[in-house]
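Heads up, the thing below is written out as structure tokens.
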Amino acid sequence: MLTNLLMDTYDREERCLYEEVRDIAAKKRDVVEENFRAFYLADFQRRCESARKIGRPEKVSDFSLGDLELVGEDDLEETLRFNDMANKLRAYCEEELNALDQRVGVLLGDANLETKDNPFSPNTICDAFKLACRKLDVELKMRKVMLKLFDDGVLDDIRSVYKAVNALLVRHSILPQIRF
């Protein structure tokens with residue numbers, strides 16, 4: 001995909017940007033994958049724990065001022081782009097995710113599990129990728145190109161993963177019949 005972007009642009013500055021991203025992607029692919037995996041698993045576990053706590057009263061000690069932070073304009077823009085991508089992914093995989101929300105809700109003991117709380121949610125995936133890219137310590141414009149590549153390249157793959165997870169849960173008799 002990056003090669004296509006390179007071939008399709010005639011703007012010198014844009015070509016240089018794409019070449020830089022290509023070099024970083026080639027050199028740091030393992031680091032991005034490792035960071036993505038770590039961030040995804042941490043958020044997955046946090047969401048599982050959060051879903052299990054639903055219905056229990058929350059304590060003030062569950063919250064920390066460390067959870068609050070100021071965000072810069074660039075970070076906000078980047079976060080909004082990732083949220084847009086998560087919404088696009090949600091719409092593209094709507095049928096699979098509706099079923100997965102219900103099945104995961106059963107597993108976590110929360111029959112009314114909301115999409116945002118599902119550990120498999122598109123937000124979990126997109127947030128993990130965003131944090132993995134930020135860990136590279138590259139400029140925002142490079143991370144934007146990486147987001148575009150991620151957005152262009154993962155829709156069908158993630159949809160097939162959702163289908164596979166649903167099939168696995170059905171094989172283990174977790175809501176074999178879904179009501180919509």
Revision key, fill the gap. Residue-ordered couplings for region 158-175, obtained by feeding phi - 60° into the Karplus form 6.51 cos²θ - 1.76 cosθ + 1.60 and rounding to whole Hz (Gly and Pro as x), are 5, 4, 5, 5, 4, 4, 5, 5, 4, 4, 4, 5, 4, 4, 9, 6, 9, 6
Exercise for review: Would you work out the relative contact order for the chain, in percent, from Cα pairs under 8 angstrom that are 6 or more residues apart?
Suggested key: 33 percent
Revision key, fill the gap. Going residue by residue through region 132-148, the Karplus relation 6.51 cos²θ - 1.76 cosθ + 1.60 with θ = phi - 60° gives ³J(HN,Hα) values, rounded to whole Hz and with x marking Gly or Pro, of 5, 5, 5, 5, 5, 6, 10, 5, 4, 4, 6, 5, 5, 5, 4, 4, 4
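Before rounding to the nearest 500, sum -39500 (n - 2.57) across all DSSP H runs of length at least 4 in the chain and divide by the residue total; then give [θ] at 222 nm in deg cm²/dmol.
My calculation for the chain gives -25000 deg cm²/dmol from helical runs alone.
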Exercise for review: Pop a pseudo-label 7 angstrom from the Cα along the beta-carbon direction at both Met1 and Val161 and give the gap in nm to one decimal.
Suggested key: 1.3 nm
Review point. In region 1-56, which chymotrypsin sites (Phe, Trp or Tyr not before Pro) are in a loop and have at most 13 other Cβ atoms within 10 Å, using DSSP for the loop call?
Key: Tyr10
Revision key, fill the gap. XL table Lys88/Lys135; Lys53/Lys88; Lys88/Lys163; Lys28/Lys163; Cα-Cα > 27 Å flagged, in table order, is Lys53/Lys88; Lys28/Lys163
Check your understanding: What ³J(HN,Hα) values, in whole Hz, does the Karplus curve 6.51 cos²θ - 1.76 cosθ + 1.60 give for region 20-35 when θ = phi - 60°, with x put for Gly and Pro?
Key -> 4, 5, 4, 5, 5, 4, 5, 6, 10, 4, 4, 5, 4, 4, 5, 5
Point to revise | Cα-projected label distance for Arg29 with Ile174, points at 7 Å along beta-carbon direction, nm | key: 3.1 nm
**Study point:** Within region 122-151: backbone nitrogen closer than 17 Å to the Ala38 label point (7 Å, Cα to C-beta)
**Key:** 127-138
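Report the longest stretch of the chain that contains none of the trypsin sites (Lys or Arg not before Pro) sitting in a DSSP loop with at most 15 other Cβ atoms within 10 Å.
Values: sites that count: Lys59, Arg179.
Counting at most 15 other Cβ atoms within 10 Å as exposed, the longest clean stretch of the chain is 60-178.
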Review point. Taking only C-alpha pairs under 8 Å that are 6+ residues apart, what is the relative contact order of region 76-128 in percent?
Key: 42 percent
Check your understanding: Roughly how many Å² of Ile178 are accessible to a 1.4 Å probe, to the nearest 10?
Key -> 40 Å²
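The values are calculated or read from the model by the stated rules, or taken from the named source; none is laboratory data. The structure presented is a predicted model; accordingly, all values stated were derived computationally and were not measured. Because the Cβ atoms are built from the backbone with ideal geometry, glycine has one as well, and the counts that use them run over all protein chains shown. Accessible surface areas use protein heavy atoms only, side chains included; no ligands, DNA or RNA. Shrake-Rupley method; radii C 1.70, N 1.55, O 1.52, S 1.80 Å.
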